[in-house]
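The values are calculated or read from the model by the stated rules, or taken from the named source; none is laboratory data. This one's a predicted model, so the numbers in the text were calculated from it and none came from an experiment. Virtual Cβ from ideal backbone geometry, glycine too; neighbours counted across all protein chains shown.
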Amino acid sequence: MTRVAILGATGSIGQLARDVVASHPGRFELVGMAAGTRVEPLAEAASQEAPWLRLRWLNVATAEARERLEALLPPAQKAGVEITVGEDGLVAMAQAPEVDLVVVAVVGFAGLAPTLAALRAGKRVALATKESLVVAGHLVREAWRGGKGELFPVDSEHSALWQLLEGARQRPSRLYLTASGGPFRTASREAMAQATVEETLRHPTWSMGPKITVDSATLMNKGFEVLEAAWLFDMELDRIHVVVHPQSIVHALVAWPDGSLTAQLAVPHMRLPVERAMLYPDGAVESVPALDPTTLGTLHFEPVDRARFPLLDAAYHAGKLGGTYPAVLNAADEIAVQAFLDGRIRLVDIERVVHQVLERHESHDAPDLETIREADRWARHEAEDLCQVLEGRSRVRS
Ligand SMILES: NC(=O)c1ccc[n+]([C@@H]2O[C@H](COP(=O)([O-])OP(=O)(O)OC[C@H]3O[C@@H](n4cnc5c(N)ncnc54)[C@H](OP(=O)(O)O)[C@@H]3O)[C@@H](O)[C@H]2O)c1
């Protein structure tokens, strides 16, 4: 029996992780769940009558959310459950002795501290929150490699690479991450400048939370994935490439020294990587419908148009500079994406905010967690100031 805590339990990945728990009777026990402030779906998930639900902890982001959650939960469901608030509660849950597997699927910087805590406590971690590796890859790797914890990627491309590289007898020459290209793959810069939130959230192949969907439209998400792959697979950034593949059937490719390429193909659904990470070392069965190669037709690949998607290069740049630059990249992007989702700035303003905050930053080498937090706070503040300026300008324009 594997005792599971799901951080980000109400999100797109968190929901899939709960489905995996429910569909393997006798294999998992769900002992903890965390969410941000949307307490209704959390209360609903916590109130289920299911033999695998043995809750000991619930966590939400604010004290106000805890009050709302407590009001929603029937007394029987609250008995024996500790309801905690914020990062301390996430960390306590992630490192509790009664937890074996931690699914980290919260969005953004909030995933870092519990990822580190779980690995340091020797847990198995199914990591969806790529931001943890982006902002503090060296700390996550130290916690992972230096202890008994295990780290399994949940991102589809990294799960594919994990499958392709398992048992490899040679070091690969290059890794390729595929990108669908998002809703603006063929759009002009002018069209991207006018893009609405609704158009941006209409992803052609994947159904995901709003932050990652916007990041997919700007290819910032692919930039984050490049940094994630570098830490997970110990690969130089110059040897990690991105190739546009609109069908999202091929998830990753590995180039070998003999000149061959191997590829992983699957129906684009996150159930597969989530289930693979949670069941390891056992394999998943019928996670997604099997692919019939005779029905695939032509698979299309093309290079990224880097002029139209400059955030991809910004990620390589920040990754090569290292220090606190990747944390600043992430924080500036989080603020700018939220400002876009709130209708305050344009889609193309996200890259302006990210570039300017990176330019203003003075990095620290080999930062510890506190230094990374400080850089994160600084970048959020700078990014918010820039968003306010851009918002003011667009009001003047309209
Ligand atoms: N979706 C995908 O297909 C996919 C694929 C690969 C990787 N990922 C990565 O997985 C992570 C989650 O993505 P998602 O698409 O599942 O996002 P999502 O649907 O937006 O869900 C985010 C989850 O995080 C919770 N949350 C937000 N702020 C929090 C905080 N401060 N403390 C604790 N929990 C908080 C949310 O709670 P509320 O519901 O209360 O807001 C929700 O449960 C991201 O890092 C993303 O990059 C996602």
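Taking the stated definitions as given, is Thr37 hydroxyl-bearing (Ser, Thr, Tyr) and part of a strand (DSSP E or B)? In short, no. Criterion first (part of a helix (DSSP H, G or I), within 11 Å of the ligand (Cβ to nearest atom) and outside the structural domain of Ala366 (by TED's automatic domain parsing)) does Leu116 satisfy it? For Leu116, the condition - part of a helix (DSSP H, G or I), within 11 Å of the ligand (Cβ to nearest atom) and outside the structural domain of Ala366 (by TED's automatic domain parsing) - is not met.
For the range 277-289, the count of residues that are in contact with a helix residue (DSSP H, G or I) (Cβ under 9 Å, 6 or more places away or on another chain), in contact (Cβ under 8 Å) with a residue 12 or more places away in the chain and closer than 30 Å to Ala366 by Cα is at least one. How many residues does the range 44-59 contain that are of a type in the set (Gly, Ala, Ser) and either within 11 Å of the ligand (Cβ to nearest atom) or on the phi > 0 side of the Ramachandran plot (or both)? Result for the range 44-59: 1.
Could you tell me how many of the residues in the range 55-74 are touching a strand residue (DSSP E or B) at 6+ places or on another chain (Cβ under 7 Å), outside any loop (DSSP other than H, G, I, E, B) and surrounded by fewer than 16 Cβ atoms within 10 Å (Cβ to Cβ)? Residues in the range 55-74 being touching a strand residue (DSSP E or B) at 6+ places or on another chain (Cβ under 7 Å), outside any loop (DSSP other than H, G, I, E, B) and surrounded by fewer than 16 Cβ atoms within 10 Å (Cβ to Cβ): 2 in total. Here the helices (runs of 4 or more DSSP H) wholly within the range 130-233 that include at least 3 residues being within 14 Å of the ligand (Cβ to nearest atom), surrounded by 21 or more Cβ atoms within 10 Å (Cβ to Cβ) and not charged (D, E, K, R) are 130-145, 156-165, 210-218, 220-233. Of all residues in the range 324-345, those satisfying the criterion of being buried (at least 19 other Cβ atoms within 10 Å of the Cβ) and in a loop (DSSP other than H, G, I, E, B) are Thr324, Ile345. Kindly evaluate Leu165 against the criterion of being in contact with a helix residue (DSSP H, G or I) (Cβ under 7 Å, 6 or more places away or on another chain) and either farther than 25 Å from Ala17 by Cα or acidic (Asp, Glu) (or both). Against the criterion (in contact with a helix residue (DSSP H, G or I) (Cβ under 7 Å, 6 or more places away or on another chain) and either farther than 25 Å from Ala17 by Cα or acidic (Asp, Glu) (or both)), Leu165 does not qualify. Taken over the range 361-398, residues that are in a helix (DSSP H, G or I), more than 29 Å from Thr196 (Cα to Cα) and in contact with a helix residue (DSSP H, G or I) (Cβ under 8 Å, 6 or more places away or on another chain) amount to 3.
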